[in-house]
Amino acid sequence: MAQAVYLLSLPTPLRSVSKVPASSPSPSIARIPPRSLLPQSSPRHRHRHRHRLRFDACGASAAPPPSPDLGLLASDNGSGNVPAAAAAAAAATAAIDVDAVTEAELKENGFRSTRRTKLVCTIGPATCGADQLEALAVGGMNVARVNMCHGTHEWHRQVIRQVRRLNEEKGFAVAVMMDTEGSEIHMGDLGGAASAKAEVRLSDPVNNKAASFIDGEIWTFSVRSFNSPLPERTIHVNYDGFAEDVKVGDELLVDGGMVRFEVIEKIGPDVKCRCTDPGLLLPRANLTFWRDGSLVRERNAMLPTISSKDWLDIDFGIAEGVDFIAVSFVKSAEVINHLKSYIAARCRDREIAVIAKIESIDSLKNLEEIIRASDGAMVARGDLGAQIPLEQVPAAQQKIVKLCRQLNKPVIVASQLLDSMIEYPTPTRAEVADVSEAVRQRADALMLSGESAMGQYPEKALTVLRSVSLRIERWWREEKRHEGMELPDITSSFSDKISEEICNSAAKMANNLGVDAVFVYTKTGHMASFLSRCRPDCPIFAFTSSTSVRRRLNLQWGLIPFRLSFSDDMESNLNRTFSLLKARGMIQSGDLVIALSDMLQSIQVMHVP
């Protein structure tokens, strides 16, 4: 049996962790050398190009049938089902079905080299196939995001089931996030055209001296319905009151300012606009308009946060068993509370976490109440940058990340992290610095959008995110190793104050003693979440009996979640866990661990027997 070392007794110093040969084949982890991350090539300009998303069938097959529960340590791979093969060998080592990427990282590099920052990838035409999804999973994707702004329910159903099938067959643990469209003013599908480029003619195109945008192309924004393909240079708008609300002289921004127009004339339901800043028009891109230097937001404020289409999409997500629902353009906590009640009434046997997307002025005004009500937040910098001055976005990001950590809610930094990699195989230096700053702020997760959905180099973009995350995390630990643990300031108490204090103490002990890992046994996930919030130097192995809790923990910083059916004997649980993980080569005899449990609300410090 494992012998506990009481808190006042100091264990022997931590020894170095050597490589452990893999006991079974694991997928290789793609790595990128420093010079290939930032190649010394000639400078290039960043073009703000956009491509139309094409959602074709991706060859997904039906979801696998459910398998029996195991009653011992096992991973359900984020699918809700434990592989049937493991049931036949319930007492054997093979029963522990660990996330393949995490297992490979532990075996190859040891505890200290596991990545703490989680990675979210938006799935689109570039990554919807089984091979592409597997490549992303091997590359470190923790959560697959489906964007309901594009595609049909059938298309998204195929993607979701591809992810579930991949988890079942390949041993991954990828969760699924569904992102609602939200009630926003946006363009239509451009009449089926792949893209539409708005050109601007310069007054002196030969010498290129005067770059004042005069005599730009004229486009028509219309609320009329067109049965046939749209006329040339005509864009359909989904909001019937659009022509009434805009005024001549207003500035119209498409996709957060990727293309800009000036309103020059109103003719009934049509609005004539001159392009003042060219680019590619993305189908269903959002529209905002500014007047006298200020965002015109009164009409958007009157639109419901969750539209009728969103409710249909939410029902679809519930039926398909998604793990997270990200709500666009959240204005208040009431919206989050209403949605959580709606989900709870339809999902009595599992939980779906609700993520609030912070992307509007209303979201910032009611930030704390929205984050308190939600299960997490997303810093949607693209749309947020269209509603507040660009120079305010970095400060807003830092504020949101800090508040989420204070309130113990996971936070995702999203939008344009590696935007140039939609077209180019390497990022700009500024983009790498942007990613580094998000990691340094200790955000729980980073998200790829167009880079993985429609980009030419989705796997390389994910590799860059992972490599930069690992490098900055290592730098942070080295820089802070002589300092005390940085705990976020708490402005209010949590209801579970005992668990919070236990986790704060355990995280400090983990850093002071240099333990290899923290094991936390939790039924609700709150204790694991409290530990993640402390950001200890070592990885956190989170064991829970709930499938939905396990999948929710897959988004949080530093957590490696497993599914474990608990027994009444905590010592037996620990010994069984040690035995199974040792057999897989994930831990060794002599490794120093701290074990916590919300069942006994206790802390144990011990060496693996």
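Nothing in this text is a laboratory measurement; each read-out follows from the coordinates by a stated rule. What you see is a predicted model, and the numbers here were worked out from it, not measured in a lab. Please note: Cβ atoms are built from the backbone with ideal geometry, for glycine as well, and neighbour counts cover all protein chains shown.
Which ordering of V248, V237, V101 is given by a fewest-first count of other beta-carbon atoms within 10 Å?
Ascending number of Cβ neighbours within 10 Å: V248, V237, V101.
What is the fewest-to-most order of E423, E391 by other Cβ atoms lying within 10 Å of their Cβ?
Ordered by Cβ neighbours within 10 Å, fewest first: E391, E423.
Identify all aspartates and glutamates with a Cα-Cα distance to K266 below 19 Å; exclude those on the same chain that are fewer than 8 residues away in sequence.
Straight-line reach from K266, under 19 Å: D215, E217, E232, D240, E244, D245, D250, E251, D292.
FRET efficiency for R471 and Q392, Cβ-Cβ distance as r, R0 = 22 Å, nearest 0.05?
The value I calculate is 0.20.
Can you tell me how much longer the chain between T524 and R372 gets when fully stretched, taken as 0.36 nm per residue apart minus their C-alpha distance, in nm with one decimal?
Separation in residues times 0.36 nm, less the Cα-Cα distance, equals 53.0 nm.
Under a straight-distance cross-link criterion of Cα-Cα below 20 Å, which lysines are reachable from K582, leaving out those fewer than 8 residues away in the same chain?
Within the straight-line cut-off, K582 pairs with K19, K107.
Starting from 0.36 nm per residue, how many nanometres of slack lie between K309 and K402 once their C-alpha separation is accounted for?
Full-extension gain reported as 30.2 nm.
Sorted by mean Cβ packing within 10 Å, highest first, what order do the peptides 156-167, 426-437, 358-369 take?
Answer by packing, highest mean first, reads 156-167, 358-369, 426-437.
Past 27 Å, Cα to Cα, is the threshold; run K309/K340; K402/K480; K170/K309; K402/K497; K331/K409 against it and keep the listed order.
K170/K309
So, in nm, how far is label D349 from label A583 when the simple model puts each one 7 Å beyond its Cα toward the Cβ?
In this crude label model, D349 to A583 measures out at 2.9 nm.
Quick check on the exposure proxy: order T152, T220 from fewest to most C-beta atoms within 10 angstrom.
Exposure proxy ranking, most exposed first: T152, T220.
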